[in-house]
Amino acid sequence: MKKIILSLVALAMVVTFGACDRWTAQTGNATFSATITKIEDGNLQVTPDPGTEEAKASDSISVSTPETVKYLDADGNAVDRSQLSAGQRVSIVYDGRVAESFPVQIRGAEIRVLSDAVQATSTQVLIHFKKDAKNYYYDKDQKILMLIYSSLTPQVQVQGREEVASAINDQLNALNENFSGKLEKYLDQARDEFEWREAAKQSLGDWSFSHERMISVTRGDSQVISFVYDDSDYTGGAHGYTERSGVSFDLNSGKRLTLSDLTTDVDALQKFSINYIQKLSQSKEYSQGTIFQPGYEKSIHNLIADPWWYFSDRGLVFVANPYELASYAAGRIEFTIPYEDLKGVIDEKWIPGQETSSQDAQMEIAFADGRQVLDTITIDEGGQSYVLTAKGTLRNVRLSEVAYNETDGTFTETATLWFASMMSPNQSVNVISIIPEGAPTLQISYTAADGSVVKERISQSGKDGSLMLVSPEKQ
């Protein structure tokens with residue numbers, strides 16, 4: 001062991017002077033504990049635990065994992081490599097060979113997932129979305145559509161935190177009641193308009209009022225759940241009006257977050273964000289595709305306020321709705337400040353940790369077979385019953401309604417139906433739905449280990465009736 005550690009220390013010195021990829025053989029195996037920081041191209045990037053001899057030699061070690069490596073759980077039972085993920089603590093046995101490179105390289109012989117791995121400490125968040133939709137007609141025969149109404153209401157479950165979930169749901173329900181409470185006002189306006197048009201002998205069937213809300217999850221982890229609310233209304237004229245706002249909650253307290261909750265110095269956050277957004281707006285990404293209004297810089301400070309922000313997987317996002325910085329034609333404009341640039345600006349607890357999907361993890365589909373499931377989502381009473389099973393740890397799992405666009409052959413997400421912040425290996429969710437013969441209407445998506453989003457549509461073979469996840473996409 002001493003010879004191995006001396007070799008590691010010497011290796012660190014050699015690396016400083018530029019040596020690389022030269023293997024030094026030693027006798028005997030060595031064991032140390034560490035935290036996985038990254039999984040890439042078959043290798044584990046780990047940080048040795050403080051106090052270990054390996055930590056004295058290097059704060060970052062690359063562990064190659066040949067086919068002979070054994071993967072075990074804390075009790076010594078064999079597990080699949082796909083169950084490894086960034087953020088886990090592991091015990092690593094290596095063969096005593098080290099490579100003169102940066103980072104230090106070793107060859108693993110045994111990887112044991114410790115009991116306090118990320119799967120055991122992550123807080124699992126499940127969200128159901130209740131959809132309320134109705135068409136209102138002007139005539140008794142229901143031929144003249146007068147108003148389209150639709151809304152979503154999220155209902156949150158937080159593992160081991162029932163009181164927190166209840167507090168969050170009370171606030172989400174209040175937001176929905178405020179939105180649905182405006183329906184009568186729009187119905188009155190629509191009736192008045194249609195009565196006037198009928199009296200004036202104008203056309204009644206070529207347009208209708210609308211009052212609609214879409215909600216999506218933009219971040220869900222052990223610390224924060226963040227939603228985006230997209231409201232759209234049409235009451236006549238050249239176009240309707242759309243507005244995006246953000247709603248974020250602290251998963252430890254259930255409190256709805258304000259900008260003041262993100263930092264002890266909100267003035268500094270506001271100044272930093274204004275300067276950052278001004279620089280972004282002048283970059284090629286924005287300046288080449290957006291025609292900002294003259295003097296728009298003076299209006300940027302209006303964006304740094306509640307509720308015009310939300311958390312995404314990438315950073316803190318500020319929203320400029322139509323007309324705020326540019327014309328209606330420019331649409332909604334968003335500015336993302338990456339988490340890495342927010343260090344020291346917002347409290348560290350709001351910056352997400354290393355919670356990622358395990359390498360090569362994927363979703364599988366099969367007919368329901370009586371297995372225990374994490375949750376059940378009933379979309380169509382009397383529909384087919386099937387299970388979606390995580391093969392490996394999956395993050396940000398979403399079940400969504402999608403619509404097929406025949407013009408370009410693409411699918412558009414029209415509603416989020418269910419969300420899980422994570423699914424552990426072999427966890428299943430039961431879905432009951434109709435699976436159409438034509439274009440799929442449901443999609444399952446998740447964030448892969450490399451940060452890309454995998455999207456797969458739920459379909460059924462016309463030949464043998466087997467279930468399939470088709471057209472995988474990464475974005």
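The values are calculated or read from the model by the stated rules, or taken from the named source; none is laboratory data. Worth saying up front: this structure is predicted, and the values here are computed from it rather than measured. As a convention, Cβ positions derive from the backbone with ideal geometry for all residues, glycine included, and neighbour counts pool all protein chains shown.
List of remarks:
- Filter result (touching a helix residue (DSSP H, G or I) at 6+ places or on another chain (Cβ under 7 Å) and within 19 Å of Q443 (Cβ to Cβ)) within the stretch 350-372: A361
- Residue, nearest to Q278 (Cα to Cα), within the stretch 335-362, restricted to residues that are assigned to a strand (DSSP E or B) and touching a residue at least 24 places away in the same chain (Cβ under 8 Å): F335
- Considering P307, P294, the condition of being more than 27 Å from the chain's Cα centre (by Cα) and either closer than 17 Å to S216 by Cβ or not in a helix (DSSP H, G or I) (or both) is satisfied by P294 alone.
- Members of the stretch 232-268 that are loosely packed, with under 14 Cβ neighbours inside 10 Å and out of contact with any Asp or Glu (no Cβ under 9 Å at 6 or more places or on another chain): G237, A238, H239, D265, D267, A268
- Top-ranked residue in the stretch 363-417 [being hydroxyl-bearing (S, T, Y) and assigned to a loop (DSSP other than H, G, I, E, B); ranked as surrounded by the most Cβ atoms within 10 Å (Cβ to Cβ)]: T393
- Selection within the stretch 125-139 - under 14 Å from E212 (Cα atoms) and modelled with pLDDT of 95 or more: K134, N135, Y136
- In the set (1) surrounded by fewer than 18 Cβ atoms within 10 Å (Cβ to Cβ); (2) at pLDDT 90 or above; (3) touching a helix residue (DSSP H, G or I) at 6+ places or on another chain (Cβ under 8 Å), the condition left unmet by Y71 is number (1).
- Any hit, the stretch 156-178, residues being more than 29 Å from V247 (Cα to Cα), surrounded by fewer than 18 Cβ atoms within 10 Å (Cβ to Cβ) and either of a type outside the set (D, E) or touching a Ser or Thr at 6+ places or on another chain (Cβ under 8 Å) (or both): no
For every residue, the table says whether it meets (1) surrounded by 14 or more Cβ atoms within 10 Å (Cβ to Cβ); (2) part of a helix (DSSP H, G or I); (3) at pLDDT 85 or above; (4) of a type outside the set (K, R).
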residue	(1), (2), (3), (4)
G18	no, no, no, yes
W23	no, no, no, yes
I39	yes, no, no, yes
K56	yes, yes, no, no
S62	yes, no, yes, yes
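- Filter result for F129 (out of contact with any Gly (no Cβ under 9 Å at 6 or more places or on another chain) and not assigned by TED's automatic domain parsing to the domain that holds F419): yes
To keep it simple, each residue is scored yes or no on (1) assigned by TED's automatic domain parsing to the domain that holds V247; (2) surrounded by fewer than 19 Cβ atoms within 10 Å (Cβ to Cβ); (3) modelled with pLDDT under 95.
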{"site": "Q270", "(1), (2), (3)": "no, yes, no"}
{"site": "I274", "(1), (2), (3)": "no, yes, no"}
{"site": "S283", "(1), (2), (3)": "no, yes, yes"}
{"site": "E297", "(1), (2), (3)": "no, yes, yes"}
{"site": "I300", "(1), (2), (3)": "no, no, no"}
{"site": "P307", "(1), (2), (3)": "no, yes, no"}
{"site": "F318", "(1), (2), (3)": "no, no, no"}
{"site": "A330", "(1), (2), (3)": "no, yes, yes"}
{"site": "Y339", "(1), (2), (3)": "no, yes, no"}
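- Filtered residue count, the stretch 193-215, keeping only those that are aliphatic (A, V, I, L, M) and more than 28 Å from T153 (Cβ to Cβ): 3
- Going through (1) at pLDDT below 95; (2) under 30 Å from L374 (Cβ atoms); (3) of a type outside the set (K, R) one by one, Q171 falls short only on (1).
- Inspection of the stretch 319-332 finds no residue satisfying the criterion of being part of a loop (DSSP other than H, G, I, E, B), aliphatic (A, V, I, L, M), out of contact with any Pro (no Cβ under 6 Å at 6 or more places or on another chain) and more than 29 Å from P294 (Cα to Cα).
- Subset of the stretch 427-436 [in a loop (DSSP other than H, G, I, E, B) and closer than 14 Å to L469 by Cα]: I435, P436
- Filtered by the rule that a residue be free of Cβ contacts under 8 Å to residues at least 60 places away in the same chain and at positive phi, the stretch 232-289 gives G236, G237.
- Residues of the stretch 75-112 satisfying the condition of being among the hydroxyl-bearing types (S, T, Y) and either more than 19 Å from E54 (Cβ to Cβ) or at pLDDT 80 or above (or both): S82, S85, S91, Y94
- Criterion violated by K185 - all others in (1) assigned to a strand (DSSP E or B); (2) under 16 Å from D233 (Cβ atoms); (3) not acidic (D, E) satisfied: (1)
- The residue of the stretch 158-179 that is nearest to K130 (Cα to Cα), among those that are without any contact (Cβ under 8 Å) to a residue 60 or more places away in the chain and not in a helix (DSSP H, G or I), is Q159.
- The set of residues in the stretch 428-475 that are charged (D, E, K, R), closer than 23 Å to F129 by Cβ and in contact with a Ser or Thr (Cβ under 6 Å, 6 or more places away or on another chain) comprises K455, R457.
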